[in-house]
Each structure stands twice: as structure tokens, then as C-alpha cells.
Amino acid sequence: MRKIVSLLSMLMVLSTLTFAQTRSISGKVTDANGNPVPAASIKKLKGEGAVAADQNGNFKINVKNGDVLVISSVNYATARIPVTASNAYTVTLAESVSAMDEVVVTAGGIKSKRKEIGTATTVIQAATLTAGKATNIANGLQGKVAGFQISGTGGGVNPSFRLILRGQRSLTGNNQALVVLDNVVVPNEVLGNLNPEDVENVVVLNGSGASALYGSQASNGAVIVTTKKGRKGLTTINVSNTTTAEQVAFYPKIQTKFGAGGTAYGLDANGNPYPDYLENQSYGARFDGVKRALGPALEDGSQDSAVYQFNDGHNKFWNNGVTSQTDFSISNGDENSTFFLSGQYADVTGTTPGDKYNRATLRVNGTRRMGNKVMATYSTAYTQNRYDITTETGSMYGNMLNMPSNVDITKYKNWRTDKFANPNGYYNPWYQNPYFTADNYRSKQRNDYLTANVELKFTPIAGLDIIGRQGIATRNASNKNTIGEFNYTYFAEHTDASSKTDIPASVSDGSSYSTNLLTDFFAQYQKKVNKFTLNFIGGAQLTQNQSKYVNVSANGLVVPGLFNVSNGVGTPGASESNYMARQVGAYGDFRIGYKNFLFLHGTGRNDWVSVLSTQNRSFFYPSADISFIATDAFESIKSSGKISLLKFRAGVSKVGQVNLGSEFGAYSLAPTFGGSANGFPYGSLAGYTVGNLLVSNNLKPEITKAFEVGVDLNMFNDRLTSTWTWFSSKTDDQTVNTAVSSTTGFTSLLTNTGQTQSQGLEATLHYDLVKNSDWSVTVGGNYTYLDNNVNFISADLTKLALSSNGSGASYAVAGKAFPVIMGFDYKRDNAGRVIVSSVTGLPTKTDAISVLGNATAKNRLGLDGSVRYKQFRFSVLLEYRGGYQIFNSMGTEMDWSGTGIRTAAYDRQSFVYPNSVYEDPAKPGSYVPNTSVAIANGNGNNGFWTDGINRDVTSNYVTSGDFWKLRELSIAYDVPTKIFGKSNVIKGMTVSLQGRNLFLWLAKDNLYTDPEYSSAGSNNNGIGITGLGSAPPSRFYGASISFRF
Amino acid sequence: MQQVNKKHLIMKKSILGIFIGILVLGLGTSCKKYLDVNTDPNRASSVTPQLILPQAITYTAAVLNGYNSYGAQTGLYCANAGGYGGFGESITYNYTTTGTGTWGSTYDNLEDYQTVLNTSAGNNLYSYFSAAARIMKVLNFQLLVDTYNDVPYVDALKGSTKLTPTYTAGKDIYKDLASQLDTAIAEIAKGDATPGVTPLGSSDVLFGGNTTKWKQFANTLKLRIIVRGNGKVTFSNTTFSADGFLTTDALINPGYARDNGKQNPAWNTWAYAYTGSAGNKAWMPSQFIFGFYDGHSIYDAARGRAIYYQYPSTGINRLGVESNTLVSSPTGGFWHASANRDGKANGNNYGILKGPNAGYPVMLAAESYFLQAEARLNGIITTGSTTDVLFDKGITAAFNYTYQLPDGSVTVKVADTVAAYKIKNLSNPLVDFTAATSDAQKLEAIITQKFIALNFVESYEGWNEYRRTKYPSIVASGDGYKTFASSVSESTRPDKLPTRVMYPVSEGTYNGANVPKNITPFTSLIFWAQ
């Protein structure tokens, strides 16, 4: 929170100073809302005689004119008041916390002062989080926290995010940060279903040490979200609306010179390929402005046509999306209780035609004090979201890229009424009309979430708190996926070697729930003994995770349009699965402070888990950290005037994580048999097949050992703030789900093997350029260097496939960065030049796959700036990631279709492969530069660009993943309340404009899409591969108006 | 004051300690019960041989369906159809991934048989199950060797004890497979002598629990192995049990029906899905096989009409020929002759694709007879019917299978049709055995008739026998009736054909140290191939 110098104190500065004799004055210290601030300290800038305010904020002090009073209190900005002629003062303190006294919620919901914490911790306040008005909190955190990589792994109406702190540790298990909402561990997806406006702050515990108390899931660090509570003595009502437009920000690069056709249809007198009415591939005639037939003539004799000139219909296919977000909240509090109630409704239409999404959230939070010894706290939220989207984004996108770039895609929108857009008359027999695909393959999904936490705190004696807490996060979901029927006419099926074939209708209906219960019971004892502060915690935790999935499906629906599983032919498909896992944890925590500048902290926790065998289910892990505030220990540092804070910290930890796979890892220990393979059961005849997963019989938890050291340095009276952390961690006994040769009789093996390592630097630095009553300007940023490696896997397993798409795959390879992109390359000489045939000029594909790039960004930078001028606030955030590569699988599709810009690189002419060599016929084994031997066929359906020698070579589509993004830009204006007159009904009004991901600067060789995307999805460690499954990246911009009553 | 404080603190600390202690202790005792919830409620964790065998045999039908496509698509029995492009290595033969999909499913299926063998080992009550699984294991391993030559055998199917199985030479596998069949026949005898032995019963979806047929099947399979390995493998025992060879078609049928996932796999792939939607339309009959019906090689309009849609105007092509004018496949494909093209009602045909409920052939009686004919010709067997009799029996059995309806009934007078066939092709040595004078001619006639009998049914066997015997004869420079080689073949061989498919990429990735190197599709031969 910003330090705001109160108006009153400014007025006082301007008052004249007259007397100079000592006298007694009185005053009252209040907060911005007029509530008393008890026990504030009142000192004089020069001279003796400090006093403290009483419970009601009142104080008396002896002063003389010319004195300056320094009023300070924990959690408030220090105010300076010059003594004037007046004998009664009201001092309004702006809420603020000096960085070191800020109270941070850490593991287990325990509140610690920042100065006590020996590990890297970042706090993001609500204002920062919601500056860009993102509907997803993950979006709002992007680029703001050092060491925290948040990647939107797909586009769409509710994108998924991958949350990784300090790199990946587990080879095939979960690497995502633990999400904790109001002290309850919740599934990652809850983050995307939380109303960002409800959030008070987010604390990011970067390392496993800081979060060790959360149990075995904490080895990935933790994101602790705390929602708002009401404030004592104050009733506030907020109402706001934000409307945001979404627009595609980057399109794949398409060639603009050649239309449909290809060499397979013959060459004209000039040796150029004929255009062809049927061919979808764009290897035909150069754009010449001539109108030509498109597709075969229809049954009625009419024929579609297109002019051979570039048409940017590919880009116009995507819609402009609109998000409308309406918020309401009311909060209130009195001596014994607080209350906060909020609601939000967000309605989204996406860039993909027809995609819709909405989300409604309700929240009730409160506290209630009962007597002096009992305090009850509750926070409850209900969220429901609804999707109505296409299931075929990937094939729709592929269909679209297969349309020649002279064809205006948008004219095929009305496929129900337009005969050329209708599948019967659509010109392309191989690739559907993308509008039809989007309309015909639908999914409706419903998710209802309830997250709640109730807590009872009993304080029998001062310093001892006994806390019991019960949390629940439950999701109830259902979905219905449908495919509409389409019966082609006989003519359509048999015209011009058509491969059009009827689409039977089908429906798949699923429902599921998952419920996570978390019970905490712990005691905390705090005591101050002379120079020592002592804090002990002992507790126990029970976790139960349970889920169930049921799915039924039917095909060949009989009554058209009736998407019900009872309407199919044959036996409906049916599946059911149930999971339950439990964990018991017992933990202890101590923190000893010495003279408020040296703090030692240690934790120990033992977990017992249900998903491992009896002999391996119990494991213990400790952590320790130390914090030393040099500026408090040695006044001399501070008094030099330059350094206002110098803190050293260090931590070591060991955390065990059980990583047996999805659904809490339940039931992973025994081989299984499937009863529904190959059509079984047939009537009363049952048949089982041996499962394909082998399980090692001694599975253990993965153990992450980590250490970190850091410095917090503030200078120039805290105008410059900075934090520096070096971290290093090693994870052993990796639980690896790896593919094995099918000749073993199985296809994958679950075993403990391997070690990963990550180390790096996290730094943040901010500087207040200007800070006065009218202006405040702060600039700064955060930087992360990450070196994330696989040290070894196992003796007979040196690489591990994590995900793949087309010819590219993401692998963990011993001794390499984690992960790397692997695939085929061209055979090269020692200098890395491509070896071509001295006869054909053609290169050769390598026999085996090799490492083609590192898929994890080595360097990440977030730059932010904020400017306040009177009632105007402006903020900007840029993010850079660099030092890594991605494989773009869509490239092969674009080259196949001939729409890709690479295919026109040599104007579809014969060309000499750049930077190539061929073997010196005189000196075998040595290579001479190739300047003359050209690839003959630089064109055509069976030319270089469509052939395997281009498209099957992975390295052709591996590009730099580097990018800069203008993540956020916002400008807000607090409308002066006086314009609402004296009624005082409206206490505040703010209007703002904001944008997210407004600009995207990609590396020059990246012709395809957002490198943040991962075709493997947000839960897979096999990053580095993008596919067609995501709509192109978007920019968002919109306006908000909010009222406070 | 300080002293008191310290005491107070120590007391508080010990209270806390006791508190934690009680908590941990309490948890410890009730912990076990609370945590013992890891029993899988979703999937079975143990099953009996009775439950695995029917699925395993049914799986084999699906595996064979994959091999059938692989064999047919070399051009033997089918070619690319109109309306599709991008056939790539399927028509250039420059294989990298074509045909490798069968590898994984075969081993997956083999693991099922191995599990039956493992769970019934040492238990005489399961002798029949052990025997049936062993015979089916042999069948699958022969498929692997015939497709890939050296494959993991000795080390295979051992789970985590052998994660990177070594490769065994195809020859050595052949030798052991023959011995395994002897073991299987002995196991059946052991079962016969074991009181209370578990009968195969309904678990046997191949022979309905008839152990005599299992023994005949074992003998015939052994015959196939010995005939093919003849001269290259030294078999331990080249005699056959007294049970004789198969005289009926060996068909897998667990109860195939027009239903979700329960259709005859070939019907499901090539004709219609159970919903009535079209199967694979990208392929059509090849000119080469068509020549054995329309008179280019042999006149056989009867079977042509029984097999092909709209015979003789069926759409046909030569592999590799791509053109806009190429005929596209009708819905339901060319391999069933019925004029009824309603996918929701079609079925009950004779020919190749008989219906969704038809049994799936593992081995035709015709193949049994042609194998015997060849064995009699080259002296592998020396007693029983003579070569010419066996040859004619083979043809009759082939006609019989063609005219079989899904329920097994034959309403056509097969003997008359065969007689007409012989008259029409009198003195054509491929049909009229008396016209085949030399042993080479006789072998050509036997293999060619087997080639016709296996048309699109056991296409892989047609392809194997071609590679072993070079029959049916082709003229490499000829048109599509004279050769089945692709018109855009990149093969460096005189016959313009490939010799084999590659090992799957997965072996290079997960078993790279063991997988044989330097295999090419034009120079590497299966050990029995020419």
C-alpha cells in the first residue's frame, strides 16, 4: 500500500509558526476512516520526550513551536506534523506497512512479520492484482513475481495457466505451485474460478522451505490467496462494471502470392502449375486477379469461384470477443464481528466463433469474537461457470489453414443457408468448412465450486492460541459433448472423387465431483522473554481427497437433434471411476527472535499417506531458516543515511512429495485388468485384458532438498527497495511414469529414478522517482534467472518423453535442460551446415532424434511502472522471456497446405538450400559449400515444401520462444466526490481504462503463435510445443467504472 | 522475576510437548485404519485364465485385421482410391512408419496370452487354457517374425525384469515355435488325463471348447511354420500329431454384432460403423487381384460377383496411380457385393465382408489344404491325400468360405460352382492341376490359388508367401494386371517391391541398444524370403 500523506498534515505544514516556548498539546491518532489508532508512538524529530497514544488514540505531549512530531504505528505510514499555534491535533495515519513490519500469511495460515521470514516471499496486493481487470487471478499475477512463471497454455474463453515456481522439479509428476485459499489447500483450477475482486492479497512462497508446513504438496512452493474481510466501524458498498474487448493479437504468417492448385495438375507453357478448382493446397497459380472456379459444380449446375488475389479472410475468421464483468460487494464491521459479502458475474464471448462462457461467484466472509477467548472466522464462496464451446478448435484451425489465401473464409459463415458453405456444396471435399466444424462439434460444460473454511480460535491464556479449522473445496461438474448429424446427398458423395462421407450424430454425457477436505488442529504459543521472542506451533492435519466420474455416450442418434444417450443405436458406452486418498500430517514449528533483528525458524513435519505401501507411507521432512536484520542490529548502517534496510536470510529444507499421477495418485501400486476391451462383455461372456502399466514394487516419495540465500536491501529512506535471492534445489527419487518397449508386454513403467536440479536468481528492484502530494512515480521490475536441469534418470533410461505433437517432442534428457525439444534435424557437417546431395541439392533427414532446443526460459524480466498524479493513476507492466525454444507443430500443416509463408520463401522456384554443403567428390568426408546445386522442385504438391524432407524435419519448426509482452496498461481516475453534491451517498467513483497483453513481440523466426502455449495442456511437464488446439493469442482492452457508497 | 518466567516457559513448553505427543500417538494408532483406503474400486487387480482367454482371442482378431490391411496395402489386394491423397510412403514403399502399428498391439495381445500361461503354469486343471494360450502365442509370434524378422522373444513379455529385451533371430524363434506347438498338444493330452480339468467352454471363442480342433489348429500352424522355414531352420520334430490338420475355417466369434465396439473388426474397418456411417473409403481393389476374376489371369466371375460390389464394373486401380478422375469408394466400400448400401441394415452377405456379426478368420480351411498340398509336394508330409487332391480340396474350401454367410450356412451349391470354374479355366495350370507339369508350376498353382483364397482375408499370408515363393508371378514392367507393385515405387529391387516394413520408432526410442540397425525396406529380407 502506498504511503499517502494526509491532507491534514499538509495543511499543517502551511500553517504559520509563531511561538517557541514549551507547552502541552493534545492529539488524537486516527486511521483514514476516522477510527482511533491505539498505541501509536509520538516522538519529536529532535529531542527527548516520546509518548504513546492510549487505547482511543489520544495522546498528550510537551512541545515547543518549531518541533516536528513523528507519529508512527505498526501497519501505518509514519506521519510528520510540525507543531503550530494550535493545541489540539488530529493526526490521520495512512495505512501502510513498512516492508519489514508487514504481516505476511505464511504456511498454515500463520502470520509472521516479514522481518522474521528467512525465505523469499512476495506479497501482491489487491490493487496490483486487479490493475488489468483480468477475470483470472493467474492472469493478474503474470510477470509480477520474481521466480514465478505463469504461462497461459491455451487460448479460449477461460484459458488454463501453468504455475511454476523456481522451475520444474518432478520429471513426470506435478510441478505446479500449491494453491491455498484462506488457509485451505485447493485444487489449482479454483484459482481460475475465484473472483479477483474478492482478493485481499496474494502471498507467494517461492521455495519449498517456506511452505514445508503445508505438507508434501508444498515442494513446489505455494500461492496463498487471502480474501477480503470487513473492517471495523465502516460500511462500504462497491459496485463496478468492466467491459473488455478481446482481439487476436498475432496471426500465423501466411504467404500472399499463390492460390489453389499444384504441379500434380500439370504445368502451363511457362512451366507454372495450373490452378485447380478442386485442390485445397495452395501450390497453384500466382495471384493474377483472375476469377476461377472453386470446387466442383453443384448438383444445380452453379459453381463457386474465387479471385486469385490475396484475401485476409484467414484473419477475419476470428471474432472480437467481449467480456462483461459486474461486481458488487458490501462490507461492514463492529467491535466483535466483521462481514464481507460479494458477487460477480462475468460473461465472455471468445474469439473462436460461437464460443461462450460465463461465471458467477458469491462470497460471504466474516469474523465473530465471542467473549475474550473465542474467535470464529469463516469464508465461503460459491462459483458456477458455464461453457458453450466447440470441441474441435484444432481441426477447425487446421481446416482454416488449408483454405487457400485467396479464398475469403468469411463468406462460408452461413452454412445452413448458403449452398456453397453447406457441406454438400462446400468446395473442399477433404477439409470441412471451419464454420460448420465450429457449429457441429459442441461442448457444454457446467462446473459448480464451493470453497469454504471455518475456523475457531480459542485463547485460554495470553500467548496461547488453539486453533481448529475445517476446509472444503468441492467441485460438481457435468458436461455434454455433441456432434450433429450430417447426411450428404448422393451427388455430393460421388462428385469428383469426393471423400465426403456422412457424419452420424453422437452425444457424450459426463458428470463428476471432487471433494477435498482439510482438517487442521494446532496450538500456537507466543512469548517474549527479555530479548527473545518465542513462538511454538504444534499441530496435526487430516486431508481427504475424493472424486468420482461417470460418463455415458451414444452414437448414431436416431431422432435428429435429440442429444440424449437414450436416443442412440446399440449399447451406450459407459464408464465409471472413483478415487479416494488420505493423508495425515503432524508438524511442529518454532521461531525464536533475538532483539528483533535475528530470527531462527525451524519446521518439522511427518506425513502418512494412503497411496503408498505400508512400509513407505510415512516420511519426515524438516526445514530451517534464519533472518538477520543488519540495519536493526547495527544502528551505524542506518545512520549512514543511505541504507535504510539490510536483511540477510538463508534457508534449507527437505520436502517429500508423492507423485503417483493423476487423481491424487490413488490405486497406482498394483497392476490392473480392464474389462471393456475389444467390445467385452459380449452378452454374458466377460473378458479381461492385462493393463499396460508396470509398477515398481517399492515406490517412495520424491525428495526435494533446497537451499536459498537472500538479501533485502532498501536505500535512500526506502525509496529504493530490492530483494535478491539465490536458490538451488535437487529432487531425488523421481517417480517416473515412463514409456517402455511394448515387447516387455507393457507400455509404461512407474518407478523411482532420477534427479533434477534447479538453481537461479530472483531479484526485484523498485525505485520511487518522485513522491509528493501530487505526484508519485515508481519504476522497477523483477528478474529471474533459471537453470533447470535433469541430472540423470537411470542407467538404462537416459531420456524420457513428456509430450509430443507431430514430429516434435518434449523430453527430459539426462545432463540437459529440463525439458528439451527433441526431433529430427537435417544431417549436418561439423560446422553445423546442412549437407545436401551434390546431385539433387536435397538435404537428408537425420536417422535419430536429437536435442533441438531448451524449452524453459532461462531469463525472465518483468518491468513495471506506476504513476500517480492527483486523482490519476497509471500503471504499466511488461514481461520478457528469453533463452529458450519452442516447436510449432502447426508449421507442418501450413506447409502442407501451402499457405505457410515459408513455402513462398523462394518464390516457389528452384533454390539452393541456404548455408548448405555437399561432400567433396575428390575428398570423401570433407564438405564444400554449396552455391550451385539447387533443389529442382521448389513448388508443388509433391515438391520440397510438402515432402517429408521439409515437413518431417522437426528442426524446421523449432523457433526461438523469446518474447516481450505488454502485459498490462491501465489508467484510472478517481472522480472527486464533490461532484455528487452534498448528499454523501456516493463516497467514491473511479473510472479506468485498461489493457492486457496489448502487444506481443515475438522472435523473428516465430511465424506461428504464442510461445506461452503448450499443446500438452497446463498439467503436463512437456512444455515447449505449440499446436493447433489453441485459438491465436489475444489482446484485451476495456473500461471500468466503479462506485463506492 | 526472571527465574519465574523461565520456569513458566519450561512448563508451557512441556505442556506443548505432551500435547503434540498425545496427538501423534493418537494418530499413530488410528492412522493405519484411516489410511488403508488404497484398494482400487475401478479396475480388477486379479482375474482368472477363464476371463483373460476370451478377450485375448478376440483381441487377436483385431490384431489380424491390422495385419490384413498391412498385407493388402502393399498392392496385393488393394490400391489407393479416388478422393484421397497424401498416401506418401504407402505408395512409394519408402517405409518409415507404415505397418509398424501392428507391433505394439501384437505384443500387447501376447502379454494377455503370457498371463494365461503364467497363471495356469503348474496347475493341470488349466491345461487346456495353457495349451490354447500357447498356440495363440505361437500364432502371434509367427506374425511378428514374418513381418519384422528378428524380434524380442526369449526376453520378451517379462515385464519389469527385462525392460529392454534383446532380439532373438527369426530362425531361432521359428524353431522354438514349432516345439511350443508340440508342448501345447501334449498339454491338451495332459488335460484329458486330469480329472476335473477346467473345460474351455464359452471362454473358447475360436473353437467353442473343441480340443480336437485346437490340436488340428496346432498341427496346421506347425505345418505353416515348417513349410515356410523349410531348408532354413533345423526343427527338432517335424512330425505331426495324429489329430490331423484343420478341415474347417478357424473363425473367432465372441458374439460379434452390429453394436458399439462389438462388430467384426474387418466389417468395422472397411464397411460400416455400427451407427451406419462409412468405414475406410481410401482404398479400392487392385487391378492385380481383379485379374484373377475378370479373366486377365483367371476367369472366375462367380466369385467376382460374390465378393465385389458391382462386379465387373467395380472401381479398381493400381497402387500409386493418383488422379482426379479416379473412382471414389461407395459408402460401405467395394468388398461386399450387396446392392443394399444402408449401413444400418446391411449385412448377411457372402464374399469377403459378410456382415458385422460374421466370425473373423484366423486360418481358413483352404489355407490348411494348400499348405498340405505344398508339404506333400516337397515331401514334408508323405502320407494322406496326394497333392492334386489337396489342391482341389483347397479350391473347394476357398469357394465354400466365400459362399458362407455370417451364420456359417452355405446356400450355394459350391461343388457345382467349383466345377464350372474348372471348366471355364480348363488347361490353365493355375486352376487345372493336371496342366501343371513341373514342380515349379505345381507350386505356382498352389500358391496362386492360396493367394486368391486369402484375398483381403489373410492378406499378410498372401504377402508372406509371395516373398517366399515369388508367386503369384508378376511382370515388373507390366501394367496393373501383371504386377501389384506401385506405379510410383521407389524400390531399388527388380520387382519394384519392398521387402519389409521397419521396426517401429518406439523400439529405437525405448530399446535402442537392442533393435537391429541398418534395416532398409528394399534390401533387408525376412530370413525365409527370396
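The values are calculated or read from the model by the stated rules, or taken from the named source; none is laboratory data. All values derive from a computational prediction rather than experimental measurement. Quick reminder, even Gly has a Cβ in these numbers, built from the backbone with ideal geometry, and neighbours come from all protein chains shown.
General remarks:
- Of the set (1) crowded, with 24+ Cβ neighbours inside 10 Å; (2) under 22 Å from A:THR744 (Cβ atoms), all apply to B:SER105 but (1).
- Within the option set A:THR351, A:THR361, A:THR326, being buried (at least 16 other Cβ atoms within 10 Å of the Cβ) and in a strand (DSSP E or B) holds for one residue only, A:THR361.
- Residues being touching a helix residue (DSSP H, G or I) at 6+ places or on another chain (Cβ under 9 Å), of a type in the set (S, T, N, Q) and within 25 Å of A:GLY1027 (Cβ to Cβ) - total across the range A:393-447: 11
- Pick from the range A:559-606, criterion farther than 30 Å from A:ALA107 by Cβ, of a type in the set (Val, Ile, Thr) and surrounded by 18 or more Cβ atoms within 10 Å (Cβ to Cβ), ranking: farthest from the other protein chains (Cβ to nearest Cβ): A:VAL565
- Filtered residue count, the range A:554-593, keeping only those that are farther than 30 Å from A:TYR214 by Cβ and assigned to a strand (DSSP E or B): 10
- Within the range A:546-558, being more than 34 Å from the chain's Cα centre (by Cα) and either more than 11 Å from every other protein chain (Cβ to nearest Cβ) or buried (at least 16 other Cβ atoms within 10 Å of the Cβ) (or both) holds for A:ALA554, A:ASN555, A:GLY556, A:LEU557.
- Within the range B:216-237, tally of residues that are hydroxyl-bearing (Ser, Thr, Tyr) and buried (at least 16 other Cβ atoms within 10 Å of the Cβ): 1
- Residue list for the range B:359-386, filter: hydrophobic (A, V, I, L, M, F, W, C), under 21 Å from the mean Cα position of the chain (by Cα) and not in a loop (DSSP other than H, G, I, E, B): B:VAL362, B:MET363, B:ALA365, B:ALA366, B:PHE370, B:LEU371
- Counted residues, the range A:623-641 - those being outside any strand (DSSP E or B) and within 25 Å of A:LEU761 (Cα to Cα): 2
- Hits in the range B:202-242 - residues which are within 19 Å of B:GLY394 (Cβ to Cβ) and aromatic (Phe, Trp, Tyr): B:PHE217, B:PHE240
- Residues being of a type in the set (D, E, K, R), in a strand (DSSP E or B) and within 26 Å of the chain's Cα centre (by Cα) - total across the range A:771-822: 1
Rundown of residues vs (1) within 14 Å of chain A (Cβ to nearest Cβ); (2) outside any loop (DSSP other than H, G, I, E, B); (3) of a type in the set (Asp, Glu), yes/no style:
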| position | (1), (2), (3) |
| --- | --- |
| B:ALA242 | no, no, no |
| B:GLN263 | yes, no, no |
| B:ASN268 | yes, yes, no |
| B:THR275 | yes, no, no |
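- The lone exception for A:ALA245 - which of (1) part of a loop (DSSP other than H, G, I, E, B); (2) modelled with pLDDT of 90 or more it fails: (1)
- Residues being among the basic types (Lys, Arg) and either more than 11 Å from chain A (Cβ to nearest Cβ) or touching a helix residue (DSSP H, G or I) at 6+ places or on another chain (Cβ under 7 Å) (or both) - total across the range B:495-530: 2
- Search result, residues across the range A:778-800 that are buried (at least 20 other Cβ atoms within 10 Å of the Cβ) and within 11 Å of chain B (Cβ to nearest Cβ): A:LEU797, A:LYS799, A:LEU800
- Per-region count, the range A:1016-1045, residues in contact with a helix residue (DSSP H, G or I) (Cβ under 9 Å, 6 or more places away or on another chain) and closer than 17 Å to A:MET400 by Cβ: 7
- The range A:508-545 - residue that is of a type in the set (Phe, Trp, Tyr) and under 34 Å from the mean Cα position of the chain (by Cα) and, of those, farthest from the other protein chains (Cβ to nearest Cβ): A:TYR513
- Looking only at the range B:243-298, residues that are β-branched (Val, Ile, Thr) and without any contact (Cβ under 8 Å) to a residue 60 or more places away in the chain come to 0 in all.
- Any hit, the range B:498-508, residues being surrounded by fewer than 19 Cβ atoms within 10 Å (Cβ to Cβ) and more than 22 Å from the chain's Cα centre (by Cα): yes
- If the condition is being touching a residue at least 24 places away in the same chain (Cβ under 8 Å), of a type in the set (S, T, N, Q) and either under 15 Å from A:PHE436 (Cα atoms) or more than 7 Å from chain B (Cβ to nearest Cβ) (or both), then the range A:484-507 contributes A:THR489, A:THR495, A:SER506.
- One residue alone among B:ASN264, B:ASN268 is polar (S, T, N, Q) and crowded, with 23+ Cβ neighbours inside 10 Å, and that residue is B:ASN264.
- Residues located in the range B:81-101, provided they are away from chain A (no Cβ under 11 Å) and either buried (at least 24 other Cβ atoms within 10 Å of the Cβ) or at positive phi (or both): B:TYR93, B:GLY99
- Residue, surrounded by the fewest Cβ atoms within 10 Å (Cβ to Cβ), within the range B:382-416, restricted to residues that are under 16 Å from B:ASP300 (Cβ atoms) and among the small types (Gly, Ala, Ser): B:ALA415
- Cβ-Cβ distances below 7 Å connect the following pairs, each with a first residue in the range B:32-48 that is at the interface with chain A (Cβ under 7 Å from one of its Cβ atoms), a second residue that is surrounded by 15 or more Cβ atoms within 10 Å (Cβ to Cβ) and basic (Lys, Arg), and a separation of six or more residues or different chains: B:TYR34/A:ARG582; B:LEU35/A:ARG582; B:LEU35/A:ARG617; B:VAL37/A:ARG582.
- For the range A:648-759, the strands (runs of 3 or more DSSP E) that sit wholly inside it and include 2 or more residues that are within 13 Å of chain B (Cβ to nearest Cβ) are A:693-695, A:735-739, A:748-752.
- Residues located in the range A:387-446, provided they are over 33 Å from the mean Cα position of the chain (by Cα), within 17 Å of A:GLY484 (Cβ to Cβ) and among the aliphatic types (A, V, I, L, M): A:ALA421
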